[in-house]
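Colleague: Just dropping this structure here.
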Amino acid sequence: MSKILFLDIDGVLNSNLWNENHQREISDGTLIDAEKVSLLACLIKKTNSKIVLHSGWRSWFDPELKPLRIEARRLIELLEKENLHIDGTTPDLTTEEIRKTKKFSLVKADEILLYLKTHPDVTKWVVLDDLDLHNAQVMQHQVKPDQATGLTAHDVEKAIDILS
């Protein structure tokens, strides 16, 4: 029996508000809002759930979840400060066309459902993602932060309700 939190990064652990004030940092991907990571830590600790990365950021890790880029290293450092770690990633179903057009939301739901199919021990799950995921089943489990502000205490409470 396990609880999973499918985590997107952009629009959840950072936001457009930060984008406007820290354009250079966002454009090179190094900015993660430590306050958002603290909120995430509250959620994980209250629900005893595991983090599965379903963000495009997953390509910045090797198969053993070791960071390949400075952005991923920064994420790991902030998670470790909160005694959190990434337990896995969703499979990558993107195509060259999806990567070119950046329409990742078209496959994210399928990636989550494939992960769940291959992990039958998952009993409860929630998705933190600012994008529309185009699947009714997945959307019932989704908490959708406003990308202008990222993760909020209200979002955390909704996620706790889904996992309870």
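Colleague: To the nearest 500 deg cm²/dmol, what mean residue ellipticity at 222 nm is calculated for the chain from DSSP H runs of n ≥ 4 alone, each contributing -39,500 (n - 2.57), summed and divided by the residues?
Modeller: Details: 8 runs with 72 residues, N = 164.
Only helices count here, giving -12500 deg cm²/dmol.
Colleague: What number, in percent, do you get for the relative contact order of the range 2-163 if the mean sequence gap of Cα pairs under 8 Å and at least 6 apart is divided by its residue count?
Modeller: 36 percent.
Colleague: I'm checking a number: the convex hull volume of the Cα atoms of the chain, normalised per residue, in Å³. What is it?
Modeller: Dividing the Cα hull volume of the chain by its residues yields 111 Å³.
Colleague: If you average the sequence gap of Cα pairs under 8 Å that are 6 or more apart and divide by the length of the range 74-164, what percent do you get for the contact order?
Modeller: It comes to 21 percent, rounded to a whole number.
Colleague: Something else: Based on the alpha carbon coordinates of the range 33-119, what radius of gyration and maximum Cα-Cα distance (Dmax) apply, in Å?
Modeller: 13.8, 39
Throughout, read-outs are computed from the coordinates displayed, never taken from laboratory work. Keep in mind it's a predicted model, so treat the numbers as computed, not measured.
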